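Student: Have a look at this one before I ask anything.
The values are calculated or read from the model by the stated rules, or taken from the named source; none is laboratory data. Note that the structure is predicted; figures quoted are calculated from it, not measured. Every residue, glycine among them, receives a Cβ derived from its backbone with ideal geometry; neighbour counts consider all protein chains shown. The accessibility values were calculated without ligands, DNA or RNA, using every heavy atom of the protein model including side chains. Shrake-Rupley method; radii C 1.70, N 1.55, O 1.52, S 1.80 Å.
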Amino acid sequence: MIEDIKQDAEERMQKSVKAVIENFKKIRTGRAHPSILDSVKVSYYGSDVPLSQVANINVEDARTLSITPWERPMVPEIEKAIMKSDLGLNPSTAGTVIRVPMPALTEETRKVFIRQARGEAEGARVAIRNIRRDANGDVKDLQKEKEITEDEQRQAEDAIQKLTDKYIAEVESHLQTKEKDLMEI
């Protein structure tokens, strides 16, 4: 029973870490990377699909992405979707190729993005702590129902705390990496 609680808590903590990594991908650095456009949805025959399902996305150079749609009529749709995506990008079209230049980050925008990254990391830390609280509550319930002893309860809570520390440290390391990426000129 205790193992089930710990395993459930660990799986949920892993999901929190994966979620923060995905959220960090949406915060753009100065470099061009196809994952920046992961959140862009394009209207394709009446349904919204991810951009990567209707076009090839390539890194042309350090500051430019090139998008080649598989169908010519998709060019204006893709342009419109990128402009509406709230990423602050302005695509330019040359025939069937759409180029998306990455604007250089100013000191001010870097600080805004770092604040955003820290907010995402704090959200993940709070989620991990909430998972710890839930798991500890489950362990306490087992002890109240006399299914486990107080010593087993303490050991389980210690193990859950170690899991919590491990995943919070993982979030911190991802945050430091993202901050370093953002501060690189």
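Student: Normalised by the residues of the chain, what does the relative contact order come to in percent, with Cα pairs under 8 Å and at least six apart?
Tutor: Working: 218 pairs, mean separation 48.6, N = 185.
So the answer I get is 26 percent.
Student: Residues of region 43-96: accessible area per residue at 1.4 Å, in Å²? It would help to have the intermediate numbers written out before the result.
Tutor: Numbers: 3210 Å² over 54 residues.
Result: 60 Å² per residue.
Student: Suppose every Lys and Arg Cβ carries +1 and every Asp and Glu Cβ carries -1, with no other charges. What dipole size does region 35-178 come out with about its Cα centre, to the nearest 20 debye? Present the calculation step by step, with values, prior to reporting the outcome.
Tutor: On the way: 21 positive and 25 negative charges, 112 e Å.
Magnitude of the dipole: close to 540 debye.
Student: Find the Rg to Rh ratio for the chain, where Rh is the Kirkwood radius over alpha-carbon pairs and Rg uses the same atoms. Before the final figure, lay out each step's value.
Tutor: Working: Rg = 22.1 Å, Rh = 19.1 Å.
Ratio of gyration radius to Kirkwood radius for the chain: 1.16.
Student: Output the peptides 62-70, 123-131, 90-98 sorted from most to least packed, where packing is the average of other Cβ atoms within 10 Å over each peptide's residues. Before the final figure, lay out the partial values.
Tutor: Values: 62-70: 16.3, 123-131: 18.2, 90-98: 13.4.
Descending mean neighbour count gives 123-131, 62-70, 90-98.
Student: On to the next question. Going down the table (LYS146/LYS166; LYS25/LYS180; LYS26/LYS84; LYS26/LYS180), which pairs top 24 Å between alpha carbons?
Tutor: On the way: LYS146/LYS166 30 Å; LYS25/LYS180 14 Å; LYS26/LYS84 15 Å; LYS26/LYS180 16 Å.
Check vs 24 Å cut-off fails for LYS146/LYS166.
Student: Aspartates and glutamates near LYS111 by alpha-carbon distance under 19 Å, same-chain residues fewer than 8 away left out - which ones?
Tutor: Within the straight-line limit of under 19 Å, LYS111 reaches these aspartates and glutamates: ASP86, GLU120, GLU122, GLU172, GLU179, ASP181, GLU184.
Student: Please compute the length gained on full extension between LYS166 and LYS15, using 0.36 nm multiplied by the number of residues separating them and subtracting their Cα-Cα distance.
Tutor: Numbers: separation 151, 0.36 × 151 = 54.36 nm, distance 1.36 nm.
Stretched out fully, the LYS166 to LYS15 stretch lengthens by 53.0 nm.
Student: What angle do you read, to the nearest 10 degrees and between 0 and 90, between the alpha-carbon axis of helix 2-26 and the longest principal axis of the chain?
Tutor: Roughly 20 degrees between the two axes.
Student: Just flag the trypsin sites (Lys or Arg not before Pro) in region 1-32 sitting in loop per DSSP whose Cβ has no more than 16 other Cβ atoms within 10 Å.
Tutor: On the way: sites: LYS6, ARG12, LYS15, LYS18, LYS25, LYS26, ARG28, ARG31; in loops: ARG28, ARG31.
Answer in residue order: ARG31.
Student: Something else about it: Where the centroid of each part is defined by its Cα atoms, how far is region 87-155 from region 1-62 in Å?
Tutor: 12 Å
Student: I would also like to ask the following. Only sites in a loop by DSSP and with at most 14 other Cβ atoms within 10 Å count here; which trypsin sites (Lys or Arg not before Pro) in region 130-163 make the cut? Please list the in-between numbers first.
Tutor: Values: sites: ARG132, ARG133, LYS140, LYS144, LYS146, ARG154, LYS162; in loops: LYS146.
The qualifying sites are LYS146.
Student: Size of region 1-77 along its principal axes in angstrom, Cα-based, largest extent first?
Tutor: The Cα atoms of region 1-77 stretch 57, 33, 14 Å along the principal axes, largest first.
Student: Using the crude model of +1 on Lys and Arg Cβ and -1 on Asp and Glu Cβ, and no other charge, please compute the dipole size for region 15-60 relative to its Cα centre, in debye to 20.
Tutor: On the way: 7 positive and 4 negative charges, 50 e Å.
Value, rounded to 20: 240 debye.
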